[in-house]
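Notes for the one structure printed next.
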Amino acid sequence: MNLRNVILILMLVFLTGKGFSQFDKPTIQLGFGISEPYNDLKGTYYTNELLGSFYVQTINPDFMTNNYGGKTGLNFFGKGKINFDKYSTVRGVVNLNFNTFNTFESAQSGNIGVQVININNVLDTVITSISNDYTFSNFGIGLGLELAPTSFTNLVSPYFGGYLSFNFMNGDLSRTENRVDTVSLSFSDFRIGVTFDAGIETKVSQNIGIALGIKYELGNLLYQNTDGGIADAIEYGKSNASINDAEGRFYSSIYGPVLTSVRREVQAKKKEINWGTAYIGVNIGFNTPEKKKPKTVN
């Protein structure tokens, strides 16, 4: 074995040992929070208007054209963290989270107009009861880095990080007539965004800690799109519609004070789907304390 091979082997052993020492403190953070929609995610999906002498509840014409009718919701998440240095100040993070909006908003009841052909073979409108319900959700996978400059103190440490987020967004709007028949519209798409995360953490034992933090998520920076074909119309009974977040036109039959299957062309603006979350989490570490060497008696 020549000197060159010996040097290569020694370098490999050194780097491998150093690598294992740097990744010796994995941590899992589990938590939940309250999420607030911002920009074009925020809005109201229903409205009330006058039809003849009756007030009826309709779908807001701004819904999906200018915003997504989002209200306050909940966030559930889990983070896996690996330390890049022995002081735990630089960490690689894998983040899984689920947001559901409109969590605290109940179904909205009212009346709606329905088109019928009467006994005289004339198009007429009658009033019937209706209930509308709506949710918007996102399942996200994030990859990024986190910095905690004073974590080596094992006391109280601020941290901040940024992640590339892979988001699977979904909205579901359901309509129930006469408390019996329910029909739904579901729209979903994949988007890429970024997440900014900051907080403060403290240890309560060797491997357990508490974290308080805030996140802000830019949910749809990449792959914005609007499906404007007649076959892609937004209508009840459809389960695979697009979220239509790019500027453009699409067809829809969900608007108006009278229920009808006629598809109307509408104009949509480019929409930013962003939200913020205040959360509390529990850090679970997997540090194994070094065993004290037994004292030897000379």
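The values are calculated or read from the model by the stated rules, or taken from the named source; none is laboratory data. None of the values given here were measured: they were computed from a predicted structure. In this analysis, Cβ positions are derived from the backbone assuming ideal geometry, glycine residues included, and neighbour counts consider all displayed protein chains.
Yes or no, residue by residue, for (1) of a type outside the set (Lys, Arg); (2) within 22 Å of Thr72 (Cα to Cα); (3) modelled with pLDDT under 95:
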residue	(1), (2), (3)
Leu222	yes, no, no
Arg249	no, no, no
Tyr255	yes, no, yes
Glu265	yes, no, no
Ile273	yes, yes, no
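Taking the conditions exactly as written (among the basic types (Lys, Arg) and over 18 Å from Ile254 (Cα atoms)), does Arg175 satisfy them or not? Walk me through how you get there before you give the answer.
On the way: among the basic types (Lys, Arg): yes; over 18 Å from Ile254 (Cα atoms): no.
Judged against the criteria, Arg175 is not a match.
The rows are residues; the columns are (1) farther than 17 Å from Ser174 by Cα; (2) of a type outside the set (Ser, Thr, Tyr).
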| residue | (1), (2) |
| --- | --- |
| Ala107 | no, yes |
| Gly110 | no, yes |
| Gln115 | yes, yes |
| Val122 | yes, yes |
| Ile127 | yes, yes |
| Thr135 | no, no |
| Gly140 | yes, yes |
| Thr150 | yes, no |
Original post:
Being of a type outside the set (Gly, Ala, Ser), at pLDDT 95 or above, outside any strand (DSSP E or B) and within 18 Å of Ile254 (Cα to Cα), is that true of even one residue in the range 92-104?
Top reply: no
Original post:
So which residues in the range 65-78 are in contact with an Asp or Glu (Cβ under 9 Å, 6 or more places away or on another chain), surrounded by 21 or more Cβ atoms within 10 Å (Cβ to Cβ) and not small (Gly, Ala, Ser)?
Top reply: Asn67, Tyr68
Original post:
Within the range 32-54, is there a residue that is out of contact with any Leu (no Cβ under 8 Å at 6 or more places or on another chain), in contact (Cβ under 8 Å) with a residue 40 or more places away in the chain and buried (at least 21 other Cβ atoms within 10 Å of the Cβ)?
Top reply: yes
Original post:
What single numbered condition from (1) under 30 Å from Thr195 (Cβ atoms); (2) in contact with a strand residue (DSSP E or B) (Cβ under 8 Å, 6 or more places away or on another chain) fails to hold for Phe152?
Top reply: (2)
**OP:** Kindly list, by first and then second residue, each pair from a residue in the range 173-185 that is on the phi < 0 side of the Ramachandran plot and without any contact (Cβ under 8 Å) to a residue 12 or more places away in the chain to a residue that is of a type in the set (Val, Ile, Thr) and part of a strand (DSSP E or B), limited to pairs with Cβ atoms under 7 Å and residues at least 6 apart or on different chains.
**Re:** Thr182/Thr176
Original post:
Inside the range 235-247, can you point out the residues that are over 13 Å from Asn66 (Cβ atoms) and more than 19 Å from the chain's Cα centre (by Cα)?
Top reply: Glu235, Tyr236, Gly237, Lys238, Ser239
**OP:** Return the total of residues in the range 187-222 being more than 22 Å from Thr100 (Cβ to Cβ), touching a residue at least 24 places away in the same chain (Cβ under 8 Å) and of a type outside the set (Asp, Glu).
**Re:** 10
Original post:
Picking from Ile200, Ile141, Ile192, which residue would you name as being touching a Pro at 6+ places or on another chain (Cβ under 6 Å), at negative phi and assigned to a strand (DSSP E or B)?
Top reply: Ile200
Original post:
How about the range 108-157: which of its residues are among the aromatic types (Phe, Trp, Tyr) and surrounded by fewer than 16 Cβ atoms within 10 Å (Cβ to Cβ)?
Top reply: Phe139, Phe152
Original post:
Going by the structure shown, is Lys291 outside any strand (DSSP E or B), modelled with pLDDT of 95 or more and out of contact with any Lys or Arg (no Cβ under 9 Å at 6 or more places or on another chain)?
Top reply: no
Subject >> Residue satisfying all of: in the range 207-252; β-branched (Val, Ile, Thr) and part of a strand (DSSP E or B); surrounded by the most Cβ atoms within 10 Å (Cβ to Cβ) among these >> reply: Ile234
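Of the residues Phe196, Phe136, Phe160, only one is touching a strand residue (DSSP E or B) at 6+ places or on another chain (Cβ under 9 Å) and closer than 30 Å to Ile234 by Cβ; which?
None of the others qualify; the one that does is Phe136.
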